[in-house]
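Here's the structure, in structure tokens; my notes come after.
The values are calculated or read from the model by the stated rules, or taken from the named source; none is laboratory data. Everything numeric in this text was worked out from a predicted model, so none of it was measured. Methodologically, a virtual Cβ is constructed for each residue, glycine included, from the backbone with ideal geometry; neighbour enumeration extends over all protein chains shown. Keep in mind that these areas ignore ligands, DNA and RNA; they rest on the heavy atoms of the full protein, side chains included. Shrake-Rupley method; radii C 1.70, N 1.55, O 1.52, S 1.80 Å.
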Amino acid sequence: MFADLHLHTSFSDGTYTPEELAGHAKRHGFAAIALTDHDTVEGCELAGLACAERGIEFIAGAELTAEMAGYELHLLGYFIDIHNARLLEEIARFQTVRQDRIREIVARLNRVNVPLQAEAVFALANCRSPGRPHVGRALVQAGYCVNLDEAFDRFLKKHRPAWVPKFQMSVRSAIDLIHQAGGVAVLAHPGLNRKDEAIPELVAEGLDGMECYHSKHSATATEHYLQLAQQLQLLVTGGSDCHGLNKGQPLIGTIKLPYGHVEKLRAKAGQFGKLKKRSVQASLV
Ligand code: AMP
Ligand code: ZN
Ligand code: FE
Ligand code: FE
């Protein structure tokens, strides 16, 4: 039994709907999947239903953007309560920032004589969590770039003319936000951050797990992070980070996390649930 715990849908910058994603998960024989859209949980309800219809266990999740010492880190939350009021408030704030950022990216493109319009990006994104991949796709659609790679390399990545930083909450706040929503907090794709020295500090801030298996981790990186997770007593997770078709082929199916890790994650989330209930009861006394 296997799981893929890092997946995106069209509720952020993925291209599959929750139903399509569940269909792919079924074809690959996954026992469980988690949806981890950027700064939103809006796709979770539909994904949960689509998974239930196919006999797949669904784990509600999100990928939150956080900041530590000027660096962007992504934190995955699992087993979160998608109706949690504080989480939804913060998500609304993140999404406003994302929408304003799209306008700023487009303004910068206009300054370098690329006359793209923000409305074209919003129409294409058709979601509340728009991101750079949507701008990239709009650039390709309008014929300014031949593909997404070119869009990022010429305009969208750091140190390029249309790069705009994103509002980022501190790692501590992001971990707390996940915990108070009953979830488990996991560091996403540490191999892409190259900031291993920051990991012990994240553990001190309450981090519960690390995404050791990821489609962009080499075998050596995976081994390295598995060892580090063991040393730091972190839970192990993994996922493909599938955003839909990637050069003609979806990434879902490339990472198969043994199901035992899902059980450990669930047990950890259960502990938080109990603690939360106890603190609510205590505050009522
Ligand atoms: P954003 O959240 O708006 O900063 O966009 C980040 C997303 O852009 C990531 O989740 C990736 O899916 C995608 N991305 C980042 N860098 C690249 C790249 N060089 N080429 C294609 N997609 C990228
Ligand atoms: Zn993404
Ligand atoms: Fe990420
Ligand atoms: Fe992701």
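Axis angle, to the nearest 10 degrees, between helix 85-111 and the longest C-alpha principal axis of the chain: 20 degrees. What the stretch 100-197 shows is 48 Å² of accessible area per residue, with the surface traced by a 1.4 Å probe over protein heavy atoms. You can think of it this way: the chain between residue 27 and residue 83 has 17.2 nm of extra reach, that is 0.36 nm per residue less the Cα-Cα gap.
Compared with the dominant Cα axis of the chain, that is its longest principal axis, helix 18-27 is turned about 70°. Relative to the longest principal axis of the Cα atoms of the chain, helix 44-53 runs at roughly 70 degrees. Of all DSSP bridge pairs formed entirely within the chain, close to 50 percent run antiparallel.
Residue ranges 26-36, 140-150 sort as 26-36, 140-150 when ordered by packing (mean number of other C-beta atoms within 10 Å per residue, highest first). Set the bar at 31 Å for Cα to Cα. Now go through 158/247; 157/264; 26/166; 26/268; 247/268 and name every pair that lies beyond it. Result: 157/264; 26/166; 247/268 exceed 31 Å. Approximating the spin labels as points 7 Å out from Cα along Cα→Cβ, the residue 100-to-residue 146 distance works out to 3.8 nm. Approximating the spin labels as points 7 Å out from Cα along Cα→Cβ, the residue 92-to-residue 53 distance works out to 3.0 nm. For the chain, give the percent of accessible area contributed by carbon and sulfur heavy atoms, probe 1.4 Å, rounded to a whole number. That fraction is 53 percent. In percent, rounded to a whole number, the relative contact order of the chain is 22, using alpha-carbon pairs under 8 Å and six or more apart. Scaling the Cα radius of gyration of the chain by the globular reference 2.2 N^0.38 Å produces a ratio of 0.99. In straight-distance terms, cross-link reach from residue 216 covers every one of the aspartates and glutamates whose alpha-carbon lies under 12 Å from its own, apart from those fewer than eight places away in the same chain; here that gives 241.
Packing, taken as the mean count of other beta carbons within 10 Å per residue, orders the peptides 112-123, 43-54, 5-16 from highest to lowest as 5-16, 43-54, 112-123.
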